[in-house]
Structure formats: C-alpha cells, structure tokens
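> Have a look at this one before I ask anything.
None of the figures in this text is laboratory data; all of them are computed from the coordinates on show. Model, not experiment: these values are computed from the prediction. Counting neighbours? That spans all protein chains shown, and the Cβs are built from the backbone with ideal geometry, glycine included.
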Amino acid sequence: MANTSNGTSSGPEETPPDERADAPHGLRRRLRRLLFGRPLDPFQVENRHKLLLAAVVAWIGLGADGLSSANYGPEEAFIGLGQHTQLAPFLVIAIAATVLIIALAYMQVIELFPSGGGGYKVASRLLHPYAGLVSGTALVVDYSLTIAISVSAGIDALFSLMPLGFEAFQVPTGLVLIALLAMMNLRGAKETIVVLAPIFFGFLITHGVLVVFGIVAHADRMPGLLPGAVQDAAVLSAEIGWGGVIATLVQAYAVGAGTYTGIEAVSNNVNVLAEPRVRTGQRTMWLMAVSLAFTAGGILLLYLLWDVRHEPGRTLNATTFAILMADWTLGGVALGPPFLWIAMLFAAALLLVAANTGFLGGPAVMANMALDRWLPYSFAHLSTRLVTERGILLMAAAAAGLLIVTGGNTALIVVLYSINVFVTFVLSLAGLCAYGMRHRAERPKRRLAIAFLGFVVALGILIGLIFSKFAEGGWLTLVITGGLIALCYAIKRHYVRTRALLKAIEGELCPKGRKARPTGEPPVVDRDAPTAVILLGDSLGVGMHTLLAVRRMFGKQFQTFVFIAVGEVDAASYGGVVALRNLEQEVGARLGYFQAFCRDRGIASETYAGFGTDLVQELTTLADRVHADFPNSVFFAARLVFSRDRWFSRILHNQAPMAMQRRLHLQGLPMMILPVRVEDREAVLRSAGVASG
C-alpha cells in the first residue's frame, strides 16, 4: 500500500509498475502470487483479524509442539531407567507435575508480556539484555531443532510401519516435508493451521482412546503400581544405595526433558492471538498443559502396564500400540493392524503440525531480536502476506542442515533440543523470580512460589542434561548456541557503533533536531523544472547530508526538491493500530523537517509518503508517481560507507539504495547514490559543504 502526499493530500492506491503485465518481473510476481496468495494490506483491520488465533486454533498451531513430544519424550525417559523400569510411576508423577508447574509460570509471562516475545523479552527486560541474548539465541536454535526433531520423529513413526531397509529414504523425505511446510507458512500461519487442524484432533482422539483402553484393560494393576514402585525402590537401594536410586530417577527424568518442550511457544506468540490476548493465551496454555500431561503420562503408564521392550526399527509407542491392539477383532477380522496404521499416521502427521510451531515461533523471536539489533534488521521485515519471510526461510534452511548433519537421529536431536529449551526456561523463570522479588508487596506470594519452584526444577533438569549427555551431543548444542551468541554480539556492536556515528552526523547537520516544521508561504513549484528527488531513510542526518551534497555539487541546477519517505511496516509497527498510527506520524515529522528546511531558504519542495511491508517496492511505486508529476527529475539516495567493508556490513546496510538504483535504471530513470563515510566526520561535512567547527 502506498499513500502519496503533496503537502497533506493522499493519492489513490494503484498497481505498482513492476507488477504490471509488461513489467520485467511480472511473470515472477504472478507466480509468487499463485503460490503464496495475494498481498495483504497491513492497514486493513480485517486482514489483522484474519491472522489472529482464537484459543482452540492457537492450541492447534502452538500446542501441537508440546503435545507431539509425547511421541518421543516418554520413550527417552523410560529407556533412561535402563533395567529399573519398575520406577516408572515416579516419572509419571514428576512429568505431569513439571508440565503443570512450568505452564503456570509461563501464564505469568503471558500476563507480563501480552505483545509476545516470551522467554527472550522476559530475560531481556527482567534480568539483563545479555541474558536476553542468551535466551533468544537458545530459542532460535530451539525452534530450528523443533522443526528438525518433529520431522525426524514423524518419519520414525511412519517408517515404524515399514519393513527394515527403508531407512535410507528417511532424510530425503524429511527435507521434502520441511520445504512443503515452509511454503505453507509463507502463505500465512492461520491458513496453515486450518489445513492441519484435522490431524491435531485425529491424534488427540486416537491416542486418547488408546491410553484409556490400555489403562482400563489393566486396571487391576493400577492400585499396586505406586506401592510397588516404593517397595522396588527400597529393594534396589539395598543394591546401589539410595543415592543410586535417586541418580537413576534424576537421569531418566532429565533425558525425558523433551516432554516439556513447546510449553513456551504460546508466550512467544501472544501477539498473534485474538483479543483479549492474555485470556486467550492463558486458555491456550491450559489446554496445552492438560492435554500434554494426560497423553505423556498415560503413554508412560502403558509402557509399564504392558511390559513393553524396545524393538529395532520401531518406536516404543508403535510397539505398545501393536501389543494392546493385538486382540482387536470384528467378525473374525483383525482390527489391530489397520488401527495401528491409523494411529501412527496421525502421530507422524501431528509431528509435522508441531514442526509448524518452529515456523511460527522462530521467526517471531528473530524479529524481536532484530528490533533490538542483535540480528540484521531485515529479519523484522514482513512480506506482502504479513509474515516474517526471511525468518521462515532461515528456519527451514537451519532445520534441513540439522537433519542432514545428524542423519535424522531423533535421540541425538532430542539432546540438542532439550538443552536449549531448558536454557530458556531457566532464564525466563529467573526473570520471573527477580520480578516477583521486586514487586512482592503488590503481587500474591503464590506467584513467586510457582516461579521459584519452576526455576529450581528447570535448573536441575538443565544441569542433569548437560552432565549426562555432554559427550553424547550436548557439547554440540553448546557450541552452536555459543557461536550464534558471538555472532549476535558482533552484529549488535556494529549497530550500536553505527547508530552513534549517525547521531553525531545528525547533531552536526540538523542542529534543530526533529522538531522543525514548515512555516510561511511555500515557494511556487514548477513541475517542468529540473527536480532533485531525494529518497529518505530513517536517519535525519543522512537525509540532510544527501540534500546538502546535491546542492553543493549541482548548485542551482535543481529548482525543486522532492522528498520521498516510506514507513516500513515491520514486526514492531504491525503490533497494533496505535503502532501503525505512530509510524505515520514519524514519517510525517521526518518529511516535515525537510519541507521546513527548504521553505526557510526559499526552495520549492514537495513530499511523498508511502507505507507498506516492502520498502523497495513502495519506493519504486512512489518514484514512478514522482516521475509522472516531475518529468525532469533525477533521483538521489545515500549509501553508508565503512573504512573496513566487511561482508556483514553489506548485509546489515545499504540493501535498499542498490536495489532501487537497479529498478529505476531498468525503467530508464536516472539515479545517483552518494557515499556517506560515517566514520570520517570531516569527510561527511566536506561532502555536504558544511564547515567544521
């Protein structure tokens, strides 16, 4: 969407020039629209409502990650007991209690941060920005692992139904599925969830029926499970001591930490929930916690009640379901095999729904980190479908890479996954504890107690995971996360340094600051006279440098100056109607400053404003209109130049001017890019024709 303003008027919306049928990129645009749908206007309220998720829909899209962990979390915990499976009832109680404790704690996160951001914002705002950096990077790695583990475990469930020998096709199948999910998410989250909803409820119904049936069929054993576990623990303590018994339980409890993954997904994505967001988020969290505690705890009970043992090429769930359905017949026809296929197909499909959580949560975390400049700002950009496109593509690429590197080994991915999840849990719950201590006078004490209990549990699991699984892959996730932290720190440092340099330029070239407004009668505009069109960015100083440099180089050749500014609707400004209005006011103030500067000096000027998700597209649209209004126009933009032109500085800056120059040149329109040597104050002032002092 683009609004053109000459003073205060706004022009009608029209099709951008490069979307017309005869445009050079017309075919590519039409193909993109066919695959991903028509562009959405961020200023249309109905489009916002179409993207928001009600509690049940959010339970499907965000809760699937937690619920799907019942396919691998209980299995890892049960196997972690080794030969002491009689202790499983303790794990059932511990798993259910942990799920509920963490869910209750994260309900406080939803209440404190209703705009989303979850673990990243909690650690950043309530502890320290560096804590937020660690939490955010852990979440980014976690969400890429969410996709990888969900796809890997889903393929394991599917291939459990096939003969041995098909394992070579697992990784290629996973790569195809990741690509399909990425394409679906590029169309928009809600559209994807609606398509996958039948799978979610199919899994819930089939596995709910199997859990209930399996428990009822051996109901006579239920009353003796816990007393038997206590007695067995006492007997075992005589052999290995109580320390050994506790160590066995703690290790199994820790390696089953994959069961609790996904609980934080709701708090990270509160911004996509329907109003009232807090209530919707808390309802979604309850639905997720109860369904996960029931399913995971129930499946763990089935392993014990039916005395299940691991079989090569099969998941423990597939073996369990095959055993308990072995006697299902109807009219002499065995029902077990077809029902097993149905159950495992739903399990595999649900894991794909869970992978979708990575495509929702990962880009959301990356957008929040980009807004704080820990990541390139481009990760906060929205596509024409109002999704963070670059984040989705990066999540897909990272998940595909992890799948290839690990060979689709679900057990290894679970280790990598769980450690990152609990890094975030520990930091988030520590932030809640810190907040509770600072506001203990006005907040109920039970909230602090829940946060502290959750922190202790999460910290214990994290320590147990690192020590027990360090040599089995734990070191790899620490290396990956540590490397990403170092990269984010370097990006932030560059942005902070550049921002300080731009502020210094603004202080030199714009002494009145951003409060200047047009005064007096505007000079008469001659639309046929030579016109300089200046493309403004966010920096007032860079814009002023461009204006002064043009006047110094060309003297009075240009009789009129036209200023173009685009308000880019990103993940922050799309947070609500107020944010969008603030964006409009900020763009208006920026243009007003340059209009005031020109009027004070008797220079004829006009301004054009646009708003949309694609900065280059909106600038191109406005440039086309300006050229129609001012046929003798030349376009100018600025490019930041650094003394050391490293690869990441080219990624972090200057993408729009170069893309604009190429587009305008293809249309036969002249455009010049003026360098701004941000690190050399004297050079900047000289090029702008301003004396130092």
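> Given R₀ = 41 Å, FRET efficiency for GLU472-ASP220 by Cβ-Cβ distance, to 0.05?
The computed FRET efficiency comes out at 0.60.
> With bins 10 Å wide starting at 0, give me the P(r) of the range 326-408 over every alpha carbon pair, in whole percents.
16, 29, 22, 14, 11, 6, 1
> While we're looking at this one, here's another question. Below 13 angstrom from the Cβ of GLY174, what's the summed charge of the other residues (Lys, Arg +1; Asp, Glu -1)? Provide the component values of the computation, followed by the final result.
Values: positive: none; negative: ASP156, GLU167.
Once all neighbours under 13 Å are counted, the net charge is -2.
> Provide the packing ranking of 490-500, 675-685, 327-337, 454-464, i.e. peptides ordered by the mean count of other C-beta atoms within 10 Å per residue, highest first.
Descending packing order for the listed peptides: 454-464, 675-685, 490-500, 327-337.
> If you don't mind, there's one more thing I want to ask. Beyond a 32 Å Cα-Cα separation, which of these cross-linked pairs lie in this structure: LYS503/LYS556; LYS445/LYS492; LYS121/LYS469?
LYS445/LYS492
> Right, next: Using r as the Cβ-Cβ distance of ALA504 and HIS128, and R0 as 30 Å, what FRET efficiency do you calculate, to the nearest 0.05?
It comes to 0.65.
> Packing-wise, with mean Cβ within 10 Å as the measure, how do 360-368, 218-226 rank, highest first? Intermediate results must be reported in sequence, preceding the final value.
Numbers: 360-368: 27.6, 218-226: 12.2.
By packing density, highest mean first, the sequence is 360-368, 218-226.
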